[in-house]
1. Based on the Cβ-Cβ distance of residue 46 and residue 22, what FRET efficiency does E = 1/(1 + (r/R0)^6) give at R0 = 22 Å, to the nearest 0.05?
2. What is the sum of charges, Lys and Arg at +1 and Asp and Glu at -1, for the other residues whose Cβ falls under 12 Å from the Cβ of residue 85?
3. Based on other C-beta atoms within 10 Å, arrange 105, 11, 35 from fewest to most.
4. For the chain, what is the relative contact order in percent, using Cα pairs closer than 8 Å and at least 6 residues apart in sequence?
5. If you filter the range 1-81 for trypsin sites (Lys or Arg not before Pro), then keep DSSP loop positions with at most 16 other Cβ within 10 Å, what is left?
6. Scan [x] 1.11; [y] 1.06; [z] 0.98 for the value of Cα Rg over 2.2 N^0.38 Å calculated from this model and give just the label.
7. Efficiency by 1/(1 + (r/R0)^6): what FRET value for residue 74 and residue 34, r their Cβ-Cβ distance, R0 = 22 Å, to the nearest 0.05?
Amino acid sequence: MEVHPGVFVSDPGSRRWEPTPDYPGTEFHALVETDELHAGLFRVPEEGSMTFPWAPPSRETVLVLEGEVRIEIKGGPTLLLEPGSIASFASGTEMTWHVKAPFKDAYVIA
């Protein structure tokens, strides 16, 4: 919610999580969504694991808050991110995410 011009505040504990359109079983909680910037939280709330392809539309930076993810970068290394890990990916980086749920990250796409 924009509480002042350019100032956004949100309560992730609220029921305002929405299904991620292309990835069944995942949800997001948006803080900011403009043409230039997307920021918020992403989660896989159920126990188990999930695998999906992803290529960010512009630079994406994530901070893992809960769970772990193994990310295979096409033509590059495989990363293991756990709570506290921060990673940043260039626009269009082709990767496959292998998520061990429950999982949650904070993301900024700009």
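1. 0.80
2. It works out to a net charge of -3.
3. 35, 11, 105
4. RCO, the chain: 30 percent.
5. Filter output for the range 1-81: 15, 16, 59, 74.
6. Computed from these coordinates, Cα Rg over 2.2 N^0.38 Å corresponds to label [y].
7. Taking R0 as 22 Å, the efficiency between residue 74 and residue 34 is 0.15.
Coordinate-derived values only; no laboratory data. Small disclaimer: the values here were computed from a predicted structure and weren't measured. FYI the Cβ positions are ideal-geometry reconstructions off the backbone, even for glycines, and counts take in every protein chain you see.
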